[in-house]
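Chemist: The structure is given below, and queries will be raised subsequently.
Computed from the coordinates by the stated procedures, all read-outs in this text should not be read as laboratory data. Please read all numbers here as calculations on a predicted model, not as lab measurements. Reconstructed Cβ throughout: ideal geometry from the backbone, glycine too, with neighbour counts over all protein chains shown.
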Amino acid sequence: MKKSFFTILFVSVFLVISSCSLDDGPNFYFVPLQIVGAELPDSFDLGETYQIRVQYNQPDACTAFAGFDVIDQDTTVRNVVVLGTRRTDQDVCAEMVEEKSATFNFIVRYSQPYTFRFWQGESANGEQTYLEVEVPVN
């Protein structure tokens, strides 16, 4: 009796789980968002943490802010990209370029000046363009 109960329970759970259909995949993909400005201090102090504010363009109603990708290009060179998610499950996306802002924390670990390269898009010939800002360290 005990063995048949567990068998029936196992079969029931298996049928419930196998009858559920899972989504075929994500309904979004990641896109870089154009940075139009950045607010940084005039200088950094070694060992301190700073909030860096970045202004970016949200291109349409189907795209939302997802975060930052801060890439160490060299010891004190950072490429900064604002990442967005664009939904794929909506047929109509109202095009509305809206300027928004977001911040990320940055810890100063080196005494050399930092160069930030904020991604602004691609030029007409397909080259990546950046807003470059250098910040000295005290």
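Chemist: Under a 5 Å amide H to amide H cut-off, with H placed in plane at 1.01 Å, what residues pair with Asp60 once short-range neighbours are removed?
Modeler: Met96
Chemist: Also, I was wondering about something else. Starting from the Cα gyration tensor of segment 44-138, take the square roots of the eigenvalues, sort them a ≥ b ≥ c, and report rounded, prolate or oblate (rounded when a/c is under 1.5, otherwise prolate if a/b is larger than b/c, else oblate). Intermediate values should be presented prior to the final figure.
Modeler: Working: a/c = 2.90, a/b = 1.96, b/c = 1.48.
Prolate, since a/c reaches 1.5 and a/b exceeds b/c.
Chemist: Let me ask another. Using Cα pairs closer than 8 Å and at least 6 residues apart in sequence, work out the relative contact order for segment 27-129, in percent. Please list the in-between numbers first.
Modeler: Numbers: 212 pairs, mean separation 37.3, N = 103.
The value is 36 percent.
Chemist: Also: If the label point is 7 Å along Cα→Cβ of Gln90, which residues in segment 55-69 have backbone nitrogen under 19 Å from it?
Modeler: Label zone hits: 56-67.
Chemist: I've got another one for you. Counting only residues 5 or more places away or on other chains, whose amide H sits under 5 Å from the amide H of Val137 once H atoms are built in the peptide plane?
Modeler: Phe44, Tyr114
Chemist: Let me ask another. Could you derive backbone 3J(HN,Hα) for segment 35-45 from the dihedral phi with the Karplus parameters 6.51, -1.76 and 1.60 (θ = phi - 60°), listing whole Hz in sequence and x where the residue is Gly or Pro?
Modeler: 8, 10, x, 8, 10, 10, x, 5, 7, 10, 10
Chemist: Quick one: if you stick a label point 7 Å off each Cα along the C-beta vector at Gln128 and Ala66, how many nm between them?
Modeler: 1.6
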